[in-house]
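The values are calculated or read from the model by the stated rules, or taken from the named source; none is laboratory data. Remember, predicted model here, so these are calculated numbers, not experimental data. Backbone-built Cβ (ideal geometry, glycine too); neighbour counts: all protein chains shown.
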Amino acid sequence: MRPDAWNENEDALLAETVIRHIREGSTQLNAFKEAAEKLQRSPAACGFRWNNFVRKKYEDDILQAKQQRQGSKKTRKRWNRKIQIQTAENKRSIDPVMASLNKIYDTYVEVKTGIEQLTLKLEQTQIALNKLHEEHAKLSNLAQHAKTLPEDDENYRTLLSIVEHANRLLRQYNNDDFAHEKTG
């Protein structure tokens, strides 16, 4: 007996591999490659053994594997059709949801833009208010200084009345601004 002779177990493994590939819709060449790795032989040797000796013993199994593959193709076609129908139905049911999400996003963008504009306006108002406070502090210092000057000097009295008038206007502006913020 030759040392590289095939035995029954190797024939059975080769047959099982080829028949499984037929059933799954794969090629015999792929089956020969897989069997070759398992049996430590070449794909050509597996193909030769299959076609010349083993195939004849498994004709019924091959026929059954081909029928299972055909049944599997029909089932696959039915499932593909069902999936296509479900995908179309899902698309129709998702369209209103997407429209709602787009409206929500548009509203979000509008609100965000409004907040950014109000933030900018608040910053500008804060800068103007800070300038007014600085002016108020300067005028208050001048008024304090003017009060310490002699009363009989006409120029100082005029300056004092101007400063007091400016202070009244600033207080009135602050009160109006505060009242506007409460109502606004």
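For VAL54, work out the one condition from (1) of a type in the set (A, V, I, L, M, F, W, C); (2) over 54 Å from the mean Cα position of the chain (by Cα); (3) farther than 21 Å from ALA65 by Cα it doesn't fulfil.
All conditions are met except number (3).
So ASN102 clears everything in (1) at pLDDT 90 or above; (2) over 24 Å from ASN30 (Cα atoms) except one condition, right? Which one?
Exception for ASN102: condition (1).
For ALA45, work out the one condition from (1) of a type outside the set (Val, Ile, Thr); (2) buried (at least 18 other Cβ atoms within 10 Å of the Cβ); (3) assigned to a helix (DSSP H, G or I) it doesn't fulfil.
(2)
Suppose we filter ASP153, ASP176 for residues that are under 53 Å from the mean Cα position of the chain (by Cα), surrounded by 10 or more Cβ atoms within 10 Å (Cβ to Cβ) and at pLDDT below 75; which single one remains?
Being under 53 Å from the mean Cα position of the chain (by Cα), surrounded by 10 or more Cβ atoms within 10 Å (Cβ to Cβ) and at pLDDT below 75 holds for just one of ASP153, ASP176, which is ASP176.
Report, by residue number, each residue of region 17-42 that is assigned to a helix (DSSP H, G or I) and of a type in the set (Asp, Glu).
First pass over region 17-42, keeping only residues assigned to a helix (DSSP H, G or I): 17-23, 28-39.
Listed by number, the residues that qualify are GLU34, GLU37.
Taking the conditions exactly as written (out of contact with any Pro (no Cβ under 9 Å at 6 or more places or on another chain) and at pLDDT 90 or above), does GLN117 satisfy them or not?
It is true that GLN117 is out of contact with any Pro (no Cβ under 9 Å at 6 or more places or on another chain) and at pLDDT 90 or above.
How many of the residues in region 5-19 are exposed (fewer than 14 other Cβ atoms within 10 Å of the Cβ) and in contact (Cβ under 8 Å) with a residue 24 or more places away in the chain?
Final tally of qualifying residues: 0.
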